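Trainee: Pasting a structure here, questions to come.
Values in this text are rule-based calculations from the coordinates and carry no lab data. Everything quoted here is computed from the prediction, not taken from an experiment. No Cβ is skipped: glycine too gets one built from the backbone with ideal geometry, and neighbour counts run over all protein chains shown.
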Amino acid sequence: MTSFRYKEINRLVGKALHKYDMIEDGDRILVGLSGGKDSLTMMWFLNERLSRIPITYKLFAAYIDPGFDGDGGKILEDYCKRAGYNIRIENTDYGIQAHSKENRENPCFLCSRLRRKRLFEIADELGCRKLALGHNKDDIIETLFLNMCYSGEISTMVPAQPMFQDMFTVIRPLAFVDEDLIKRFAEEQEFPIVTNPCPTSGVSKRKDIKQLLKKLYISNKKIKGNIFRSLSNVKEAYLLKQ
């Protein structure tokens, strides 16, 4: 029996894929696996739908190990082997570099930039022109608030984003899916969630924004949906001129 969570995530993933024309017949797609619930759920759905759609595409997974202590790479490698996924484990020192005294930037910013750069390099090596990332609806809303509060701009991640003069396209199949729904599905599937080994994972501006939004959502259940809808309902005439 298929669960409600499966049906709802499948519906929302299908909606995002079709609305933004994310995947075409013959695509080679690199899936960025972090070991978290989001990327594992995304990989599961992208793989599962291959058996029931009229087009075909190839999936390749990659995990960028930031270099901290832990066995995340081994856990993911074992899981992917059981699931029949192709995965590439990249051992790096990006996390160590980001937390070094020489780094004057935000550790999260530098580590994320280095890992993303490596994913594009791997995609190019494998002939993939699509890079799938597991950002969800909550991530998109939080990024909007992060950019407003800390960058002074109104912008966020988009479900399909051409990069490097259209050489690659970043796709986010979970863009319409709530984080809580993904969490429950991951628990249902008993995914081997890898604990984030980063020493600053529990302290971030994103976590502050998440807590702020959580209070708003509790006060009014319509707020989250309204914020998300506002991202495609922009009235430029009522914004300030530069």
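Trainee: For the chain, what does the alpha-carbon gyration tensor say about shape, rounded, prolate or oblate, given a ≥ b ≥ c as the root eigenvalues, a/c under 1.5 as rounded, and a/b over b/c as prolate?
Mentor: Because its axes are fairly even, with a/c under 1.5, the chain counts as rounded.
Trainee: Going by average Cβ density within 10 Å per residue, which order do the peptides 182-188, 112-118, 47-53 take, highest to lowest? Present the calculation step by step, with values, prior to reporting the outcome.
Mentor: On the way: 182-188: 17.6, 112-118: 15.7, 47-53: 11.6.
The peptides rank, most packed first, as 182-188, 112-118, 47-53.
Trainee: To the nearest 20 Debye, how big is the dipole of the stretch 4-238 about its Cα centre, given +1 on the beta carbon of each Lys and Arg and -1 on that of each Asp and Glu?
Mentor: 820
Trainee: Using the per-residue mean of other Cβ atoms lying within 10 Å as a proxy for protection, in what order, highest first, do the peptides 148-157, 86-95 fall?
Mentor: 86-95, 148-157
Trainee: Give, as a single signed number, the net charge of other residues whose beta carbon lies under 13 Å from the beta carbon of Y217, with Lys and Arg counted +1 and Asp and Glu -1.
Mentor: Values: positive: K137, K210, K214, K215, K221, K222, K224; negative: D138, E142, D178, E179, D180.
Counting the neighbours of Y217, the net charge comes to +2.
Trainee: May I ask you to list the residues of the stretch 113-130 whose amide nitrogen lies under 19 Å from a point 7 Å from Cα along the Cα→beta-carbon direction of Q165?
Mentor: 120-121, 124-125, 128-130
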